[in-house]
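Comments concern the structure below.
The values are calculated or read from the model by the stated rules, or taken from the named source; none is laboratory data. Here the structure is a predicted model, which means the values were calculated and not measured. Note: ideal-geometry Cβ built from the backbone for every residue, glycine included; neighbour counts use all protein chains shown.
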Amino acid sequence: MLYFFQQFLNGLHMGALYALLAFGYVLVNGVLHRTNLAHGAIFAFGGQTMILIAVFGWQVLWMTLPTTIAFAIAATFAYAALVGFVLSRNVFEPLAKSSPNAIVVATLGVLLFLTELARISAQTHDFWLPPLLSMPVVFAEGAGYKATLTVIQLLDCAIIVVVLAASGFVLARSRFGRDWRAVSDDPAAAAMCGVDTRFVFRGAVLAGALTAALAGMLAALHFGNIGFGSGLVFGLKVLFVTAVGGYRSPVRAALGALGFGIAESLWSGYFPIEWRDAWMFLLLSAMLVLRFSGRDTLQSSRPDFQGFPQR
């Protein structure tokens, strides 16, 4: 029983990272109405950028470890905001009226660009952060076995809960949240009612990029490193999870991603780990088929985003 509890605790941490990614993905997809493959790339780019800047601060600027980590986090948020701005203005907006495949191809190109940029910047070397706040916190103990999480895992979960709770409150109670729902439902009607669809679109893309980068940094602080190809894997998992749950509620998508992370951890604990991703993707694919069975089309009933009103 303690072993099961330990896998459940591990799943809570991974599920929290997935939840933050899913929340940001639905924020963007809710107004874009297109598949965005760049979201996972921003996750990996955020973690790798933080590590590279921390290494630079430690080895070149001779900063202390807390100072270089803080410096790296601030710089990574700035890079993520820049990526979000460029994505919104130079990729999504010009292609808003194009075929959905155009967005898929463009964001795939962004994914490859960010992946290669991180790899070239690191000269294909894997840099590792030292263990941070790795002291175990015991949740249960018996027969010589302890179910634990480290302090950094608990800190990651606490930060994610606060961010998701605050973001959910803003979406539910603020004007931006109301405008986001209006643009998500019908952008043309929202524009006719006086909603600044361009501002809402750019704000959603920026928020999505920042949440993806935050998830990447939290993962890097825990694991110490993020692989160059991890952005595609994490991005596809979040894409499938949010497709199963729909794009109308970022909070519901986050809860679904949390459940996926727990299920993934339990698989790792009881079944061959090398088959984990294959079976989890198979499960998500089966859920997608069951969800859309009996329909004539897989397209959403919402109208596609038709661009922005000219000023």
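Just a few scattered comments:
- Residue within region 129-146 that is surrounded by 16 or more Cβ atoms within 10 Å (Cβ to Cβ), of a type in the set (A, V, I, L, M) and out of contact with any Gly (no Cβ under 9 Å at 6 or more places or on another chain) present: no
- Single match in 83, 55 (criterion: modelled with pLDDT of 90 or more and under 27 Å from residue 166 (Cβ atoms)): 83
- Matching residues, region 2-22, being aromatic (Phe, Trp, Tyr) and either under 21 Å from residue 142 (Cα atoms) or touching a strand residue (DSSP E or B) at 6+ places or on another chain (Cβ under 8 Å) (or both): 3, 4, 5, 8
- Here residue 81 meets each of (1) crowded, with 17+ Cβ neighbours inside 10 Å; (2) under 17 Å from residue 213 (Cα atoms); (3) under 16 Å from the mean Cα position of the chain (by Cα) with one exception, condition (1).
- Of residues in region 230-244 being buried (at least 21 other Cβ atoms within 10 Å of the Cβ) and of a type in the set (Gly, Ala, Ser), the one modelled with the lowest pLDDT: 231
- Test result for residue 31, over 14 Å from the mean Cα position of the chain (by Cα), within 30 Å of residue 259 (Cα to Cα) and among the β-branched types (Val, Ile, Thr): yes
- Verdict on residue 23 being within 15 Å of residue 76 (Cβ to Cβ) and either at pLDDT 95 or above or crowded, with 24+ Cβ neighbours inside 10 Å (or both): no
- Residues (closer than 19 Å to residue 103 by Cβ and among the β-branched types (Val, Ile, Thr)) located in region 181-213: 183, 197, 200, 205
- Where helices (runs of 4 or more DSSP H) fall entirely within region 1-116, those with at least 3 residues that are in contact with an Asp or Glu (Cβ under 9 Å, 6 or more places away or on another chain) are at 2-32.
- Filtered residues of region 202-213 (kept if surrounded by fewer than 24 Cβ atoms within 10 Å (Cβ to Cβ) and in contact (Cβ under 8 Å) with a residue 60 or more places away in the chain): 202, 206, 207, 210
- Test set (1) more than 13 Å from residue 212 (Cα to Cα); (2) surrounded by fewer than 24 Cβ atoms within 10 Å (Cβ to Cβ) - residue 37 fails condition number: (1)
- Hey, residue 270 farther than 26 Å from residue 1 by Cβ and of a type outside the set (Gly, Ala, Ser) or not: no
- Residue satisfying all of: in region 148-198; aromatic (Phe, Trp, Tyr) and in contact (Cβ under 8 Å) with a residue 12 or more places away in the chain; surrounded by the fewest Cβ atoms within 10 Å (Cβ to Cβ) among these: 176
- Taking the criterion of being part of a loop (DSSP other than H, G, I, E, B) and on the phi < 0 side of the Ramachandran plot, the residues of region 117-145 that qualify are 122, 125, 126, 127, 128, 129, 130, 131, 132, 134, 135.
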